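Have a look at the structure below, then the notes.
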Amino acid sequence: YPVYRATDNRNYRQVALKIFPIRSQVCKNFKRECEFFNSFNHPNIIKSYEAVDETPSDIDGADGELVSYLSLEYAPYGDLFEIIAECGPMPEKLARSAFHQVIDALSYMHSRNVAHLDLKVENILVDENFKLKLTDFDLSQYIDDDFLESRGTPGYRAPEVKDGVSKDFVAADIYSAGIILFIFLSAMPPYTEMDKGLFTEFDPYYKLMRKNPEKFWEVHSKHKNNSEFYSKDAISLINSMLAEDPTQRPTIDAIRNHPWYQKEIYTDEQFQEEMRSYVLNNRN
């Protein structure tokens, strides 16, 4: 759905307007996202200020077309995908500190009985204080829902979500978080899904990851011209999170107790300075 930067004339606050055209499935997604936003209050989740249902719009020439929209907290530095694409891999300590924020937000969502189901670097925003903010909940579901509705985003989704047979939405989120961590450290995905018309299939990197994990990491290390680019603890954590069998993936608590996660991170003030340096000094 399109998102526009706008100014709230009542208080001159910069906001992001997420626009939902009035169609049956879209209306359902709008109501679902409103419901989830209203139940969330966490420093690493974007705030929702206002929801307006079925109002005429003149945005992009949609003269008079009825739309619904969400007024959301504005994150001036945009999404982390674009930042990493420009700035390259995060240093490991910065990546770990950022990943803590992602896991904190995800743990909070799960404590509210909600699974994100579309976790990706594009859905992590950077606010004016360089804090990470999780967003986009129109594909989220309650953890105890009977049926999976979302197919997620190719390249981030767990294999069982790709196949539409996920029974454990928490485990599906853990898998996607593992992809995010890989991208934090690599500035590239571990593998891709290739478009085959009506379906997608995993590329050779995915197949190598399943058949020969050591070779998979060796190949990715060669891309970095450094055989020790990925630390053993980082490899261990990512391997566990990307387990093909969802029952073999770690819980949030197990992730937090993992040796890589337990290593030193930046304080809030240090993180702000390190992210500022990473974002502003490395952009092309």
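The values are calculated or read from the model by the stated rules, or taken from the named source; none is laboratory data. All values derive from a computational prediction rather than experimental measurement. Don't worry about glycine lacking a Cβ; one is built from the backbone with ideal geometry, like all the others, and counts go over all protein chains shown. To get the accessible areas, we keep the full protein, side chains included, count just its heavy atoms, and leave off ligands, DNA and RNA. Shrake-Rupley method; radii C 1.70, N 1.55, O 1.52, S 1.80 Å.
Quick notes on this one:
- Heavy atoms of E128 accessible to a 1.4 Å probe, total area in Å² rounded to 10: 100 Å²
- A simple charge model with +1 on the Cβ of Lys and Arg, -1 on the Cβ of Asp and Glu and nothing else charged puts the dipole of region 104-198 at about 260 debye relative to its Cα centre.
- Contact order, relative form, for region 56-170: 23 percent (alpha carbon pairs under 8 Å, 6 or more residues apart, mean separation divided by residue count).
- Contact order for region 151-202, expressed relative to its length and based on alpha carbon pairs under 8 Å spaced 6+ residues apart, stands at 29 percent.
- Over region 174-232, the reciprocal of the mean inverse Cα-Cα separation, the Kirkwood hydrodynamic radius, stands at 12.4 Å.
- Using C-alpha pairs under 8 Å with a sequence gap of at least 6, the mean separation divided by the residue count of the chain gives a relative contact order of 17 percent.
- Carbon plus sulfur fraction of accessible area for region 169-284, probe 1.4 Å, in percent: 49 percent
- Euclidean distance of C-alpha centroids, region 212-273 and region 164-181, integer Å: 16 Å
- Dipole magnitude of region 37-167, debye to nearest 20 (Cβ charges: Lys/Arg +1, Asp/Glu -1, about Cα centre): 900 debye
- Applying the criteria of a DSSP loop state and at most 10 other Cβ atoms within 10 Å to the trypsin sites (Lys or Arg not before Pro) of region 188-224 yields K196.
- Charge-dipole axis of the chain as Lys and Arg at +1 and Asp and Glu at -1 on Cβ define it, positive-most pick from T153, S97, Q14: S97
- Relative packing of peptides 99-111, 135-147 - highest average C-beta neighbours within 10 Å first: 99-111, 135-147
- Per residue accessible area in Å² of the chain, where ligands, DNA and RNA are left out and the probe is 1.4 Å: 49 Å²
- FRET E, pair T267, C27, Förster distance 41 Å, beta-carbon r, rounded to 0.05: 0.40
- With R₀ set to 22 Å, the beta-carbon distance separating F199 from E122 gives a calculated FRET efficiency near 0.50.
- Theoretical FRET efficiency, 1/(1+(r/R0)^6), r = Cβ-Cβ of T192 and R10, R0 35 Å, to 0.05: 0.20
- Cβ-placed point charges (K, R +1; D, E -1), dipole of region 128-284 about Cα centre in debye, nearest 20: 680 debye
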